[in-house]
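Let me begin by presenting the structure, written as structure tokens, before commenting on it.
The values are calculated or read from the model by the stated rules, or taken from the named source; none is laboratory data. Please read these numbers as outputs of a predicted model, since none were measured by experiment. With ideal geometry, Cβ positions are generated from the backbone for all residues, glycine too; neighbour counts draw on all protein chains shown. Accessible surface is based on the protein model in full, side chains and every heavy atom, while ligands, DNA and RNA are left aside. Shrake-Rupley method; radii C 1.70, N 1.55, O 1.52, S 1.80 Å.
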Amino acid sequence: MKSAGTLLLAAVLMPAQAAAQSQAAGAYTLHYEKPASTWTEALPVGNGRLGAMVFGDAGDELLQLNEATLWSGGPVSPDVNPGAFAQLAPARAALTAGDYAGAAAILKKMQGRYSESYLPLADLRIHQDGVGPMASYYRGLDIRDGIATTRFSAGGVNYKREVFASAPGQVIVVRLSADRPRRLSLDIAAGSQLRFESKAAGGAIVLRGKAPAHVDPSYYKGRAEPVVYEDPGGCRGMRFETVVQPRLQDGTLEASGGKLRIRGATEVVLLVSAATSFAGFDKCPDSAGRDEHALAAGPLRAAASKSYAVLLKEHVADMRSYFDRVELKLDGLGAADRSALPTDRRLEDYARGGKDPQLEALYFQFGRYLLMSSSRTADAPANLQGIWNKDVRPPWSSNYTTNINVQMNYWPVEAANLTEMFGPLDDLVRHLAVTGAETAQSYYHLPGWVVHHNSDIWAASNPVGNLGHGDPKWANWYMGSAWLSRHLWEHYQFSGDKQYLQRAYPVMKGAAEFMLGWLQEDAQGRLVTMPSTSPENVFRYGDGKQGSVTVGSTMDMGIVRDLFTNVTAAGEALGVDPDFRARIAAARAKLLPFQVGARGQLQEWNLDFDEVEPHHRHVSQLYALHPAREISPLATPELAKAARRTLELRGDDGTGWSLAWKVNFWARLLDGDHAYTLFRNLLRLTKDNDPAWRGHGGAYPNLFDAHPPFQIDGNFAGTAGVIEMLLQSQNDELHLLPALPAAWAKGSVRGLVGRGNFVVDMTWKDGRLASGEVLARAGGPCTIRSATPIAIPALKLRSEKSALGYLLRFDSRKGMRYRVVPG
């Protein structure tokens, strides 16, 4: 006969059942009382490849369209600066002599071409006749279902528009309907800011276009023609095609002057398909491109064979299969539910100090929605704006900025239970390992691979700057391969997938091989990076001089330590390369140590320089605190104290993404209230066209992150910061509620993932854990840390007091769910 304890264990360890969705629909909806007047008020939909910004104007609707692979340019030319290597020794000699300005001038001679730009696809315009005075206007986005809806009444008719980007169907679907028959009369047209031809024939609009061969960054003013379509010496730009096919209930359809004219319809469904000739990072999209016409026609044909109801059902099922994995409820200690208010009004009230925990939870889930909607396309991870861009020369080329921004995009991907969305970044890193190997050899005569400050869909890895026009404080930064390798290791840590690690290990090892060659001995025999910068900051030295290039910046040393730690752990997990691990260990022991400056701060550079801009947006010297784990209150309390002092000196302001990084920093320091202060700043309303809400980082009315301008990395890092407040796992343990702010004294979360592939559910009350469950998807050793005693009744395990809380250790079984209660 089984004991009561055995029966309890059997009950507790049953496989998890699908949790019922308990939050009201309003908890997952952004909504407004007027159409969007600016792009940062429009609402984003996306399926990872196709994206649209929906403006919601009743008489003249605009859908601004994007396709994830539509970039200028083509594959990177090898050896773009043959004379670069000859400059390395002189640059190092200048640094050794303390001539920082001279070193910077030399480094300009080591720069290559600028990266290419992510481009807008097309504008779909829908003019509706007969829209006079309106009533009951509503515009909203349901992020659980991924549907943008516009409703209004005019002339006694109720009109409705629904827009979604279907991943199963690979089309954008637009449904326009009226509650009285034959009251829809529409003119539909499509255009593009790129070179294009558009015609309306055969019951559809077909827009064919050509991307430029090169687009200069918007900040570069060095050429009279920054957008170049013809490049006789290189690869011509990629082709693209967009097709808009209507399906009518009632009414007539005719083509006239490049437009579709629909008269007297009751319902119209538009199917929008698009494709480019992109064939891979190493293939010319023109001469060796894919057939964009066939790629656009295939999904359109399949979608046309299905009813709207079926397309909608497939789309919603797909969205919910990812979205519903995580649920967050926050109780604001008596704060009213404000979800019925328009989102822009909620942001205004919140910016004035109001309490709105449901808005905070919505912002968290909005980050997950954006990742689901922008990171599902092979070879094309979410860029600086996800997949949503309106400009031919977007801010910072909307590229992959590797000194933090593209990495930020993927901070929440594993812990937010969206591991499938990691694939596109994994693709880019593997491509960069190829181009980066050529750059490492041609620029530095070193093995392995290197990535500098900017990249693009072509996996550019050289230092940018158009052969001498870039500032070395950002252009000549050498640490991209090492930082990106951290994401490969993280994916293994969260998944436990040894087959994946076998594929990733050679890439990680290549980054370490480059760093072993890049490190130089200083006068004290310590290994340092040389040259080195701390993106994108400037220091004072000498008699009022300013410099940005030195040796052994703290960020560099933190990245190298982290890389060597992770490559060593990966080699041990696979049981390979003991000799290489020994080389890494020997080098790691000689690395320049972290240093504490005169103000008690973690030094940013090898010497205790003063910053020209003390409140600089980058806090690069704290890389070792987050995203790495070389500094922590648990293992290195003195360095953690210095990190805290660094943040105090930097201040609580900054650009949007900078505020988001600081949320993560303060959470790692286990200071939930300070993390929450930064989180509130991250939600400060920003409006480009309103002086009262302009000039600071925060959130636009559509919840896009405001640098300003828009950068999506702040959204993703903000979501990651909320997770860091609720669950941390970087120290080989599940730390429950490590940085819970007083403002969130009561709440619950379901579906967060910790390293080791543990899924965690928790409820808390009065700032203390009330109950929890841990699902061991992979099994193996599990350590749980809590601020208060905890227990697993079924295993008769109770926590023991340790530094900074209580620890509970056990060996978990794969697929089992363990109930955690206060001890």
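General remarks:
- Peptide ranges 223-231, 563-571 listed from the most packed, as the mean C-beta count within 10 angstrom indicates: 563-571, 223-231
- Sulfur and carbon atoms: percent of accessible area, the chain [1.4 Å]: 51
- Where only DSSP H runs of four or more residues are counted, the chain gives -9500 deg cm²/dmol as its mean residue ellipticity at 222 nm, each run worth -39500 (n - 2.57).
- This model, with +1 at the C-beta of Lys and Arg and -1 at the C-beta of Asp and Glu, gives region 185-271 a dipole about its Cα centre of some 120 debye.
- Cα gyration tensor shape of region 85-165, rounded if a/c is under 1.5, else prolate or oblate by comparing a/b with b/c: prolate
- Residues Val45, Val316, ordered by accessible area of protein heavy atoms at a 1.4 angstrom probe radius and largest first, appear as Val316, Val45.
- Rounded to the nearest 10 Å², the accessible area of Ile723 at probe 1.4 Å: 10
- Comparing Gly767, Pro381, Ala667 along the charge dipole axis of the chain, the residue lying farthest to the positive side is Gly767, per the Cβ-charge model.
- Summing Lys and Arg as +1 and Asp and Glu as -1 over all other residues whose Cβ lies under 15 Å from the Cβ of Thr435 gives a net charge of -4.
- Cβ-based charge dipole, the chain, positive-most Cα from Gly480, Gly354, Gly823: Gly823
- Annotation: cysteines of the chain without a disulfide-compatible partner (Cβ-Cβ under 4.7 angstrom) are Cys782.
- Distant alpha-carbon pairs in region 670-823 (separation over 20 angstrom), percent: 54
- Straight-line cross-link reach from Lys355 at under 14 Å between alpha-carbon atoms covers these aspartates and glutamates, not counting any fewer than eight positions away in the same chain: Asp331, Asp337.
- Tensor-based shape of region 541-606 (alpha-carbon gyration tensor, a/c under 1.5 rounded, otherwise prolate or oblate): prolate
- Near Val549, no amide H atom lies under 5 Å from its own; only residues 5 or more places off or on other chains count, and H is placed 1.01 Å from N.
- Each part gets one Cα centre, and for region 680-754 versus region 135-187 those centres are 30 Å apart.
- A simple packing score, the average count of other Cβ atoms within 10 Å per residue, orders the peptides 455-462, 486-493 as 455-462, 486-493, with the highest score first.
- Cα centre as origin, Lys/Arg/Asp/Glu Cβ charges: the chain dipole, Debye: 1640
- Within the same chain, lysines fewer than 8 places from Lys313 are excluded, and of the rest, those with a Cα less than 26 Å from its Cα are Lys160.
- Placing a pseudo-label 7 Å from each Cα along the Cα-to-Cβ vector at Ser305 and Ala288 gives an inter-label distance of 3.3 nm.
- Charge dipole (region 534-642, unit charges on Cβ, about Cα centre) - positive-most of Tyr623, Pro535, Phe564: Phe564
- Only one item in [x] 173; [y] 213; [z] 185 matches volume of the Cα convex hull per residue in Å³ derived from the coordinates shown, and that item is [x].
- Listed peptides 700-706, 94-100, 678-684, 538-544 by packing density, highest first (mean Cβ within 10 Å): 700-706, 678-684, 94-100, 538-544
- Per residue, the chain exposes an accessible area of 35 Å² to a 1.4 Å probe, with every protein chain left in place.
- Magnitude of the charge dipole, region 679-823, Cβ model with Lys/Arg +1 and Asp/Glu -1, debye to 20: 600
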